[in-house]
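The structure under discussion appears below in the form of structure tokens.
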Amino acid sequence: MKEKIGIAVLVSGGGTNLQALINAEKSGALEHGHIVAVISSQRDAYALERARIAGIPGYAFVRKELGADEFERRIAETVDSSGASLIILAGFMSILSENFVKKYPDRIINIHPALIPSFCGKGYYGLRVHEEALKRGVKITGATVHFVNEIPDGGRIIMQKAVRVRDGDTPEKLQKRVMRQAEWIIYPKAAEKVCRELIEKEKNNGKVQS
Ligand code: GRF
């Protein structure tokens, strides 16, 4: 019986969420997951350096150079050959096609820096999410971990955590607080939950077959 789920983390930038996952695996908080690959859509992403330091194989595939189909084909090939059965999007700035997403049902998760269904969907990424939250004047925002399906930010919600908006917040200040107080905390927890459930599922499948 497989005791740990192989994880491929897809990144594009700084990789602070990747770091939270690496730390959680090291500390044992992510007990049922093992990060086997880090795949970046940017060659110079600092996330790749974090992977290197942690001794995790890193890969870079650039959509503009490869074209959309080949880009996704390479990602899928790397995920499959690394033995990953869970894909974690951690600041991955490229939208995956319906075709790709359908290949991994309930096996791709993402973190969104707001409380879905607020400030989410097409065009809501990065600082824009926090700008819109401040414009609307919400007093509570947060982060959401969800499964990825063909609808942007539309998959089943796995975990959420609220964060208070403060007077005088700028989008940058709010972004940092949401990361510190919500993202880095719930992403490893949600990853562990999904890994545990996948192991259970595999066990049950085994039982059904025998
Ligand atoms: C985070 O804010 C996350 O919510 C969003 O992209 C950002 C990634 O930051 N999906 P990092 O690369 O993990 O530091």
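A few notes on this one:
- Ranked Leu18, Leu174, Leu198, criterion: other C-beta atoms within 10 Å, fewest first: Leu198, Leu174, Leu18
- Region 12-55-region 162-210 distance, computed between alpha-carbon centres (Å): 15
- The relative contact order of the chain comes to 22 percent, based on Cα pairs under 8 Å that sit 6 or more residues apart.
- Scanning residues 5 or more positions from Ala60 or on other chains, those with amide H under 5 Å from its amide H are Ser40, with H placed 1.01 Å from N in the peptide plane.
- For the chain, the longest principal axis of the alpha carbon atoms and the long axis of helix 68-82 meet at an angle near 60°.
- Long-range HN-HN contacts of Leu115 with modeled amide H, under 5 Å: Gly142
- Pairs from the table (Lys26/Lys64; Lys26/Lys176; Lys26/Lys161; Lys64/Lys201) lying more than 32 angstrom apart at Cα are Lys26/Lys64; Lys64/Lys201.
- Largest-first principal axis extents of the Cα set of the chain (Å): 58, 40, 33
- Added length on full extension, which subtracts the Cα-Cα distance from 0.36 nm per residue, Glu31 to Leu127: 31.4 nm
- The chain - mean residue ellipticity at 222 nm from DSSP helices (-39,500 (n - 2.57) per run, n ≥ 4, rounded to 500): -13000 deg cm²/dmol
Values in this text are rule-based calculations from the coordinates and carry no lab data. Quick caveat: nothing in here was measured; it's all calculated off a predicted structure. All Cβ positions, even for glycine, are placed from backbone atoms using ideal geometry, and neighbour counts span all protein chains on display.
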